[in-house]
Amino acid sequence: MKKRIETRCVQGGYTPGNGEPRQIPIIQSTTFKYDTSEDMGKLFDLEASGYFYTRLQNPTNDAVARKICELEGGTAAMLTSSGQAANFYAVFNIANCGDHVVASSTIYGGTFNLFSVTMKKMGIDFTFVSPDCSEEELNAAFRPNTKALFGETIANPALTVLDIEKFAKAAHAHGVPLIVDNTFATPINCRPIEWGADIVTHSTTKYMDGHGAALGGCIVDSGKFDWNKYADKYPGLTTPDESYHGVTYTERFGLAGAFITKATSQLMRDFGSVQSPQNAFILNLGLESLHVRVKRHCENALAVAEYLSKSDKIAWVNYCGLPGDKYHALAEKYLPNGSCGVVSFGVKGGRKAAESFMKHLKIAAIETHVADAHSCCLHPASATHRQMNDEELVAAGVSPDLVRLSCGLENAEDLIEDIEQALNAI
Ligand SMILES: *Cc1c(COP(=O)(O)O)cnc(C)c1O
């Protein structure tokens, strides 16, 4: 029986047997017991499936990863300790020292840093392109050693909307997978795999948990990218892994399982960015109500965006749900049921006015966070993006006067009254 997305939110990933716990149990154990060394050996050789050490796999984490996999329509998934770890693993799983990756320039500041500073130190080169670039510009960014194309469905905090089909077409024309960070849209509003993306990542810290309680990340593989067709380009997946008993991931696990098995048995083994089973349990509680909450976040954000767009104290508003927005047409295509709860805008009077406005807000608190039940706001130029110079800020779609407001699950009229009094108090 094909279950709709709301049912998958509640019941996906875990089906208890007779007399078993209704809720996903927290398996709070680092290790698992076996009767013989032979049994254990088979697990190490990836010949039998089972658990031996929570850094590699844990039943609670696996159940929650399976749920997110079902929500995104993938074939395999893994949880990570954070969204940062998810994006790092997703790229590093296929790009090595000497390789090159093309990424949208408006991605999250933390990911931009990861790519342009830390992964660059590891010898991986990145070219950043505007998400709005023409097909010609996009194609021109590829090199013979390019291994992936990366973008965000709705960029944080620039709120640009990715033309996923355009990006997928360019990636596939160059024989590389498209990786899409779907954190802001969530699979409730967009499932990038349906539009051609090959790998989807999440910071589950945001709407998926949704209560500001647990840091986490997730990688979902569509199983659609044919690594064998480009075997020379992806030897890590298509030739024996001597660090893992000579297993060839594509041979042993097929296209459906190769990418995630490699990321688990190599990267999780060596870097250990594992999500705690406690956090996975909390994440699952968030997932159960994701479809209810995301809808409300979007309703509140649209009401706030409409109010702001009419206010004479506001210089500009970015929200792709607004008919006049630059990304409205793309949003109608990729996000027909709503986009996200985050609105960005400029307060007239620039940086100073923005800071004064934020100080006077009573409901929305100033936080380095977005996308949970409590409304919050941030001035990226002086917080998450403060390492960028003015040029990089412009390329990232973050102007110095930009205020990012994450609309929570409070009453929309209360949010608007709060904004109104804070604007009047500047
Ligand atoms: C927050 C965020 C990340 C990083 O996630 P963490 O869970 O904070 O490590 C990555 N991508 C996007 C789009 C984000 O919003």
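So, in segment 215-246, of the ones that are over 30 Å from Asn279 (Cβ atoms) and over 28 Å from the mean Cα position of the chain (by Cα), which residue ends up least open to solvent (accessible area, probe 1.4 Å)?
Gly246
Just for helices (runs of 4 or more DSSP H) wholly inside segment 21-102: which have at least 2 residues that are within 16 Å of the ligand (Cβ to nearest atom), within 14 Å of Thr264 (Cβ to Cβ) and of a type in the set (A, V, I, L, M, F, W, C)?
Here the list reads 83-92.
Quick test of your reading of the structure: Thr205 fulfils all but one of (1) among the β-branched types (Val, Ile, Thr); (2) at positive phi; (3) open to solvent by 10 Å² or more (accessible area, probe 1.4 Å). Name the failing condition by number.
With (1) among the β-branched types (Val, Ile, Thr); (2) at positive phi; (3) open to solvent by 10 Å² or more (accessible area, probe 1.4 Å) applied to Thr205, the lone miss is (2).
May I ask you to list the residues in segment 105-119 that are among the polar types (S, T, N, Q) and within 11 Å of the ligand (Cβ to nearest atom)? Explain how you work it out, then say what you get.
Looking only at segment 105-119, we keep the residues that are among the polar types (S, T, N, Q), and these are 105-106, 111, 113, 116, 118.
Matches in segment 105-119: Thr106, Thr111, Asn113.
Residues of segment 215-236 being away from the ligand (no atom under 16 Å from the Cβ) and touching a strand residue (DSSP E or B) at 6+ places or on another chain (Cβ under 8 Å), which ones? Spell out the reasoning first.
Let us first name the residues in segment 215-236 that are away from the ligand (no atom under 16 Å from the Cβ), namely 221-236.
Asp221, Ser222, Gly223, Phe225, Lys233, Tyr234, listed by residue number.
Would you mind telling me which numbered condition in (1) open to solvent by less than 50 Å² (accessible area, probe 1.4 Å); (2) assigned to a loop (DSSP other than H, G, I, E, B); (3) at pLDDT below 95 Met1 fails?
Met1 satisfies every listed condition except (1).
Being closer than 22 Å to Pro380 by Cβ and in contact (Cβ under 8 Å) with a residue 24 or more places away in the chain, is that true of even one residue in segment 71-82? Give the steps one after another, and end with the answer.
From segment 71-82, those closer than 22 Å to Pro380 by Cβ are 82; that's our starting set.
Next, from what is left, pick out any that are in contact (Cβ under 8 Å) with a residue 24 or more places away in the chain: 82.
Yes: one or more hits.
Which of the residues belonging to segment 269-280 are buried (at least 21 other Cβ atoms within 10 Å of the Cβ) and either more than 18 Å from the chain's Cα centre (by Cα) or among the small types (Gly, Ala, Ser) (or both)? I'd like the intermediate steps shown before the answer.
Let us first name the residues in segment 269-280 that are buried (at least 21 other Cβ atoms within 10 Å of the Cβ), namely 274-275, 277, 279-280.
Of everything in segment 269-280, those that are buried (at least 21 other Cβ atoms within 10 Å of the Cβ) and either more than 18 Å from the chain's Cα centre (by Cα) or among the small types (Gly, Ala, Ser) (or both) turn out to be Pro277, Ala280.
In this structure, does Phe44 turn out to be surrounded by 13 or more Cβ atoms within 10 Å (Cβ to Cβ) and touching a strand residue (DSSP E or B) at 6+ places or on another chain (Cβ under 9 Å)? Full working, then the answer.
Details: surrounded by 13 or more Cβ atoms within 10 Å (Cβ to Cβ): yes; touching a strand residue (DSSP E or B) at 6+ places or on another chain (Cβ under 9 Å): no.
Taking the combined requirement at face value, the residue does not satisfy it.
Within segment 112-119, identify whether any single residue is closer than 13 Å to Asp181 by Cα and out of contact with any Leu (no Cβ under 7 Å at 6 or more places or on another chain), and answer yes or no.
Yes, segment 112-119 contains a residue that is closer than 13 Å to Asp181 by Cα and out of contact with any Leu (no Cβ under 7 Å at 6 or more places or on another chain).
One line per residue, one yes/no per condition, for (1) within 30 Å of Ala373 (Cα to Cα); (2) at pLDDT below 95; (3) within 16 Å of the ligand (Cβ to nearest atom); (4) β-branched (Val, Ile, Thr):
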residue: Arg143; (1), (2), (3), (4): no, no, no, no
residue: Phe150; (1), (2), (3), (4): yes, no, yes, no
residue: Asp163; (1), (2), (3), (4): yes, no, no, no
residue: His172; (1), (2), (3), (4): no, no, no, no
residue: Ala185; (1), (2), (3), (4): yes, no, yes, no
residue: Ile193; (1), (2), (3), (4): yes, no, no, yes
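The values are calculated or read from the model by the stated rules, or taken from the named source; none is laboratory data. Because the structure is a prediction, the values reported are computed rather than measured. Please note: Cβ atoms are built from the backbone with ideal geometry, for glycine as well, and neighbour counts cover all protein chains shown. Protein only, heavy atoms only, side chains kept; ligands, DNA and RNA dropped before computing areas. Shrake-Rupley method; radii C 1.70, N 1.55, O 1.52, S 1.80 Å.
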